[in-house]
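The values are calculated or read from the model by the stated rules, or taken from the named source; none is laboratory data. All values derive from a computational prediction rather than experimental measurement. Virtual Cβ from ideal backbone geometry, glycine too; neighbours counted across all protein chains shown. Just so you know, the surface numbers come from the protein's heavy atoms only, side chains and all, with ligands and any DNA or RNA stripped out. Shrake-Rupley method; radii C 1.70, N 1.55, O 1.52, S 1.80 Å.
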Amino acid sequence: MSIRSCLSVILAAGEGTRMKSARPKVLHEIAGLPMICHVARAAAAAGGGDMAVVVGRGAEMVREALHDDGHDGHAFLQAERLGTAHAVLAARDALARGYDDVLVMFGDTPLLDTDALKACRAALADGVSVAVMGFRASDPAGYGRLIEKDGQLVAIREDRDCLPEELEIDFCNGGLMAIAGDRALSLLTRIGNDNAKGEYYLTDIIALAHGDGLRVVATEAPYESVLGVNSRAELAEAEAIWQRRRRHAAMLDGVTMLAPDTVTFSHDTTVEADVTIEPNVFFGPGVRVAREATIRAFSHLEQASVGPGAEVGPFARLRPGADLREGTKVGNFCEIKKAVIDTGAKVNHLTYIGDASVGAGANIGAGTITCNYDGFNKYRTDIGAGAFVGSNSSLVAPISIGAGAYIASGSVVTEDVPADALAFGRAHQNTKPGRGKALRDRLAAEKARKSGG
Ligand code: UD1
Ligand code: CA
């Protein structure tokens, strides 16, 4: 790791009008995490030093998102959106503190990786004054083009300002720039706004530095790490790339996926080795899956923990606070919320367990419901180890079922059941021999009489 001091400036004040959203663009999420937090994480991982974030509309929300993700940068307000160079200068006070390296990143390039950042910093350490991250675009429309003369970068031209022949250039500005700290302010303050948009373009720094005889270079990154998100379509494209990378990493870590393209991860999903994930599984934020567990098809998990060797689904829903311990089973059409399912317990079919604990080895029959809510308050259900709850039982909380207790099928249980007790919470069955046939005969005779007369 370099000992050069570094300031990371993240620009997040753009209007993002093409998103057509009430939310600031940089707060739109990739894998459940705001884009700007992805960028801040990449900066931190590359030793990006102090962080300055330039915010505009929705400044408070952006600040809060960064804070929630553990970044304590300084926020600077760009009151008017006058361009990317103007935005960097909003952080003038931070720049003036004097850093060896200044990294400028865009809050809308969520796939930025640390290698790209490190490559740019390495160029500065090598005596370069400005390094820009370029990429080869299959469709360069909308991006700034890197203009080279005799193999030497001399300028960046924005799409709208390009000459027709420049529009053909496919080497584009990925948005990431590294500037020697001792040059940054003097270069930035000389940038003008004489262009198609009348904005102060950060990209003009290249022509200025080149004109001063300073060394400028373009390093190259794959498109997949600099993709800029300006619309929902590009947001989906970035999401798809992120997911593809994440699945690949999971498989390299020993996770089996039958149809990886149909599995969606969150930014913080952790999956241990020898886990099997069947098709069409969705992981919301905060899920941990321990070794040798199986997540069967069409399951939806969120803020939940799946213990070693546990089986979930198919068609299961684990909601926040679901805590499945080792060797448990939660089967088809079951929903678990804020509940511990202890070692080896089984909740196999069509069941809702919420605000509850299910003891080790307990067996919850099909269609069991913990009635945890009266429209105003939530109440707990505690089921002891080894208890057996017969199918189609309603457990009206607050209630506790003792260890080893046995609940008859179809019971509505409203009183606590002690350990090892057998509880019936249903009407007595009344069986009358022969009366079924008598009833049928009478009904048939009545019908015949009516249709005959
Ligand atoms: C910018 C680059 C372009 C590059 C592309 C890569 C400039 C002039 N153009 O174009 O060369 O190929 O990114 O994705 O730099 N922002 C502010 N304040 C402003 C303007 C922008 O904070 O006044 C922020 C935006 O929130 C965004 C970033 O800067 O995060 C880039 O702005 P955007 O308008 O998306 O620039 P592009 O047209 O994509
Ligand atoms: Ca952009």
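By a straight-distance test (C-alpha under 16 Å), which aspartates and glutamates pair with K338 as possible cross-link partners, with residues fewer than eight away in the same chain excluded? The qualifying aspartates and glutamates are E302, D323, D355, D382.
Contact order, relative form, for the chain: 8 percent (alpha carbon pairs under 8 Å, 6 or more residues apart, mean separation divided by residue count).
Taking Cβ atoms as reference points and 15 Å as the exclusive limit, the residues near R4 contribute a net charge of -1, counting Lys and Arg as +1 and Asp and Glu as -1. Just to confirm a number: summing +1 for Lys and Arg and -1 for Asp and Glu over residues other than G254 whose beta-carbon lies under 10 angstrom from that of G254, what do you get? Within the 10 Å Cβ shell, the charges total -2.
Charge dipole (Cα centre; +1 on Lys/Arg Cβ, -1 on Asp/Glu Cβ; no other charges) of segment 15-105 amounts to roughly 440 debye. Averaged over residues, the count of other Cβ atoms within 10 Å places the peptides 390-402, 212-224 in the sequence 390-402, 212-224, highest first.
Work out, step by step, the length gained on full extension between L439 and D253: first 0.36 nm times the residue separation, then minus their alpha carbon distance; give nm to one decimal. Write down the numbers at each step before the final one.
Values: separation 186, 0.36 × 186 = 66.96 nm, distance 6.71 nm.
Extra length available between L439 and D253 comes to 60.2 nm.
Taking amide H as placed 1.01 Å from N in the peptide plane, the amide H of D420 sits under 5 Å from that of A403, G404, A405, each at least 5 places away or on another chain. Along its principal axes, segment 6-226 has C-alpha extents of 47, 37, 30 angstrom, given from the largest down. The mean accessible area for residues of the chain, using a 1.4 Å probe and ignoring ligands and nucleic acids, is 47 Å² per residue. In order along segment 159-173, the phi-based Karplus estimate (6.51 cos²θ - 1.76 cosθ + 1.60, θ = phi - 60°) of 3J(HN,Hα) comes to 2, 5, 9, 6, 6, x, 6, 6, 4, 6, 5, 9, 8, 10, 7 Hz; Gly and Pro are listed as x. For segment 7-15, backbone phi angles converted through the Karplus equation (6.51, -1.76, 1.60; θ = phi - 60°) give residue-by-residue couplings of 10, 9, 9, 10, 8, 9, 9, x, 6 Hz, Gly and Pro being listed as x.
Among C37, C371, what's the order by accessible area (1.4 angstrom probe), most exposed first?
C371, C37
In sequence order, segment 78-93 has phi-based couplings of 9, 5, 10, 8, 10, x, 5, 6, 4, 5, 4, 5, 4, 9, 3, 4 Hz under the Karplus curve 6.51 cos²θ - 1.76 cosθ + 1.60, θ = phi - 60°, and Gly or Pro positions carry x.
Rounded to a whole number, what is D in µm²/s for the chain from Stokes-Einstein with the Kirkwood radius over alpha-carbon pairs (20 °C, 1.002 mPa s)? Intermediate values should be presented prior to the final figure.
Working: Rh = 25.9 Å.
Rounded to a whole number, D works out at 83 µm²/s.
Helices that extend 24 Å or more along their long axis by alpha-carbon positions and average at least 1.6 on the Kyte-Doolittle scale are absent among the DSSP H runs of the chain.
In this structure the amide hydrogen of L258, modeled in the peptide plane, comes within under 5 Å of the amide hydrogens of I277, none closer than 5 places in sequence on its chain. Extension gain, H74-N377: 0.36 nm per intervening residue step, less the Cα-Cα distance, totals 104.9 nm.
Less than 5 angstrom separates the built amide H of F106 from those of L11, all sequence-distant by 5 or more or on a different chain.
Roughly to the nearest percent, how much of the accessible area of segment 232-423 is carbon and sulfur, given a 1.4 Å probe? Walk me through the numbers on the way to the answer.
Values: 4380 of 8220 Å².
Taking all protein chains in place, segment 232-423 shows 53 percent carbon and sulfur surface.
Take the Cα of T431, step 7 Å toward its Cβ, do the same at E148, and the gap between the two points is 8.9 nm. Annotation: D69 carries an accessible surface of approximately 40 Å², with a 1.4 Å probe and no ligand, DNA or RNA atoms counted.
The residues packed around N348, meaning those with a beta-carbon under 11 Å from its beta-carbon, carry a net charge of +1 if Lys and Arg are +1 and Asp and Glu are -1.
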